[in-house]
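Each remark here refers to the structure printed beneath this line.
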Amino acid sequence: MKEIKHYINGEYVGSASGKLFDNVNPVNGKVIAKVHEAGREEVDAAVKAGRAALRGPWGKMTLEERTRILHKVADGINDRFDEFLEAECQDTGKPKSMASHIDIPRGAANFKVFADMIKNVPTESFEMPTPDGTGALNYAVRRPKGVIGVISPWNLPLLLMTWKVGPALACGNTVVVKPSEETPSTTALLGEVMKDAGVPDGVYNVVHGFGGDSAGAFLTEHQDVDGFTFTGETTTGEIIMKSAAKGIRDISLELGGKNAGLVFADCDMDKAIEGTMRSAFVNCGQVCLGTERVYVERSIFDEFVSRLKEEAEKLRIGPPDDDKANFGPLVSLKHREKVLSYYQKAVEDGATVVTGGGVPDMPEEYAGGAWVQPTIWTGLSEDSAVVTDEIFGPCCHICPFDTEEEAIELANRLPYGLASAIWTENVSRAHRVAGQVEAGIIWVNSWFLRDLRTPFGGSKQSGIGREGGVHSLEFYTEMKNVCIKL
Ligand SMILES: NC(=O)c1ccc[n+]([C@@H]2O[C@H](COP(=O)([O-])OP(=O)(O)OC[C@H]3O[C@@H](n4cnc5c(N)ncnc54)[C@H](O)[C@@H]3O)[C@@H](O)[C@H]2O)c1
Ligand SMILES: O=C/C=C/C=C(\O)C(=O)O
């Protein structure tokens with residue numbers, strides 16, 4: 001059986017404890033690899049390697065050389081595209097058609113974009129008068145923050161991990177990555193690419209394991225890590241924030257959401273249906289930016305519901321290798337239990353199940369997989385847990401509204417504020433509503449359209465800080481002001 005080891009100081013190493021856990025393919029429930037679980041010893045070795053590399057060749061490298069190497073990392077991912085694709089699809093079960101368009105290309109782009117950006121960042125400077133008349137000059141320089149702990153989730157494993165590692169390395173930091181226990185493969189494979197690209201040993205380190213009382217907690221408790229960037233659940237974010245408080249370490253948190261789609265009667269219905277379909281069902285609904293609450297203006301409510309139902313029933317469920325499949329399983333049987341508990345709760349709370357609501361019939365060879373049906377409900381109270389909790393599954397509740405004010409109020413009533421999609425052809429309304437919806441990311445007549453130079457992150461309980469473009473620099477660098485008396 002294949003073993004997945006930690007990547008520390010440029011070498012793949014096993015755990016001293018010999019502890020291994022299963023890496024399971026959610027398509028059929030079969031174990032595909034055994035993964036080493038890091039103890040404090042491996043986490044400490046990884047952090048020490050990161051610290052040493054900062055003082056070694058990496059810290060001394062010119063910006064030109066560093067960014068050239070990061071381009072080679074991106075090229076290395078593209079050169080081994082099929083291996084990354086296979087690994088990502090085995091860990092997650094997602095359709096290859098999706099991973100080959102989104103996950104793997106973005107994995108490479110995350111290195112290129114930040115390598116190019118860092119070369120063009122201006123510095124600020126202020127001249128000031130002094131009492132003796134000679135004056136002084138201030139200028140600010142950016143320095144790497146140090147060793148960064150990167151803790152990433154399982155839904156878009158390579159994309160979300162490199163979204164942090166790309167800018168972290170571009171800014172000259174070193175990293176210790178703790179990928180999700182559900183999806184360790186592409187993070188492990190990236191070690192080989194780093195080595196081949198000439199990234200010095202100790203710059204990119206990976207430790208595998210779980211969150212609490214395992215590698216994740218050992219990493220956040222380690223006092224020689226300078227900051228943590230985390231994507232995952234809001235409750236985990238709270239724990240990491242507490243851990244980072246000891247020693248006053250910085251954090252960047254991209255957390256959960258319960259995003260609202262607002263569909264106005266003046267929308268282009270075809271676009272609204274197509275976009276809402278993607279936002280509810282792509283990646284089996286496991287996208288933090290996804291729409292689980294859809295609010296539709298009453299005059300088009302019935303038409304919208306019936307058209308969304310029709311499209312949802314056209315989704316083709318199948319394994320990654322099925323070229324026609326556009327809908328895979330959930331990431332694990334454990335996550336399926338959670339999603340199905342909400343499917344059941346919806347019925348208990350009196351929902352009308354427009355479509356789905358259960359588990360699809362799958363051929364024998366996939367019977368052990370984490371499959372669920374794409375599901376649409378109407379008729380729930382806004383206080384039902386199905387409408388207030390992030391389910392992170394392929395499902396949405398559709399509710400009618402009568403006025404723009406009501407739509408905005410409904411969108412804003414939860415403690416989350418990650419993303420929202422607004423569907424209208426009225427440009428004034430688009431601006432007006434976008435300005436009032438409480439979320440870090442608003443799409444108008446689109447969804448998950450990403451320009452990596454833009455600020456990305458959530459408000460309220462959906463996160464702290466923004467990454468993307470120059471905003472990533474705020475987290476991944478320390479600014480130092482130099483004041484020179486002339
Ligand atoms: N805002 C965003 O950009 C964004 C993007 C993707 C996913 N998400 C959110 O992520 C969640 C799904 O991902 P998940 O289930 O992997 O999240 P999760 O919080 O369970 O796990 C994320 C990572 O944190 C680790 N972890 C868990 N407990 C920990 C602890 N006590 N200390 C240190 N590390 C710990 C896990 O092992 C994993 O690597 C959803 O809530 C989703 O909305 C948010
Ligand atoms: O599931 C969450 C998706 C997050 C996407 C990004 O972080 C991104 O596109 O940079």
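Here are some notes:
- Within-15-Å neighbourhood charge of I251 [Cβ basis; K, R +1; D, E -1]: -2
- Contact order, relative form, for the chain: 19 percent (alpha carbon pairs under 8 Å, 6 or more residues apart, mean separation divided by residue count).
- If you sort R432, R293 by accessible surface, 1.4 Å probe, largest first, the order is R432, R293.
- The residues packed around F21, meaning those with a beta-carbon under 12 Å from its beta-carbon, carry a net charge of -3 if Lys and Arg are +1 and Asp and Glu are -1.
- If a spin label sat at a point 7 angstrom from the Cα of T235 along the line to its beta carbon, the backbone N atoms of segment 117-156 nearer than 20 Å would be those of 151-155.
- D389/E221 FRET efficiency (R0 30 Å; Cβ-Cβ; nearest 0.05): 0.55
- Ignoring lysines fewer than eight residues from K119 along the same chain, the ones with Cα atoms less than 27 angstrom from its Cα are K60, K72, K145, K164, K195, K480.
- Averaged per residue, the chain has 40 square angstrom of accessible surface, using a 1.4 angstrom probe with ligands and nucleic acids left out.
- Exposure of L63 as accessible area (Å², to 10), given a probe of 1.4 Å and all protein chains: 70 Å²
- Surface accessible to a 1.4 Å probe, I4 within the full protein complex, Å²: 10 Å²
- Tensor-based shape of segment 32-86 (alpha-carbon gyration tensor, a/c under 1.5 rounded, otherwise prolate or oblate): oblate
- Net length gained if the chain between N412 and T134 were fully extended (0.36 nm per residue, minus Cα distance): 94.6 nm
- For the chain, the square roots of the Cα gyration tensor eigenvalues, ordered a ≥ b ≥ c, give a/c of at least 1.5 with a/b no greater than b/c, which places it in the oblate category.
- When R298, R51, R316, R142 are compared by accessible area at a 1.4 angstrom probe, the order from most to least is R298, R316, R142, R51.
- Beta bridges by DSSP in the chain, antiparallel share as percent, to the nearest 5: 40 percent
- Label-point gap, in nm, between D451 and M1 - each point 7 angstrom along Cα→Cβ: 4.8 nm
- Loop-located GluC sites (Glu not before Pro) in segment 349-402 (DSSP state other than H, G, I, E, B) with a sparse environment of at most 13 neighbouring Cβ atoms within 10 Å: E382.
- Segment 328-470, relative contact order [Cα under 8 Å, separation at least 6], %: 17 percent
- Here's the picture: a label point sits 7 Å out from the Cα of E405 along the beta-carbon direction, and within segment 432-473 the residues with their amide nitrogen under 20 Å of it are 432-438.
- Accessible surface of K30 - all protein chains present, 1.4 Å probe, nearest 10 Å²: 120 Å²
- Using R0 = 35 Å, the C-beta based FRET efficiency linking D79 and D213 works out to 0.35.
- Other residues lying with their Cβ under 15 Å from the Cβ of K34 contribute a combined charge of -2, Lys and Arg counting +1, Asp and Glu -1.
The values are calculated or read from the model by the stated rules, or taken from the named source; none is laboratory data. As the structure is a computational prediction, the values presented were derived from the model and not from experiment. With ideal geometry, Cβ positions are generated from the backbone for all residues, glycine too; neighbour counts draw on all protein chains shown. Side chains included, ligands, DNA and RNA excluded: accessible areas come from the protein's heavy atoms. Shrake-Rupley method; radii C 1.70, N 1.55, O 1.52, S 1.80 Å.
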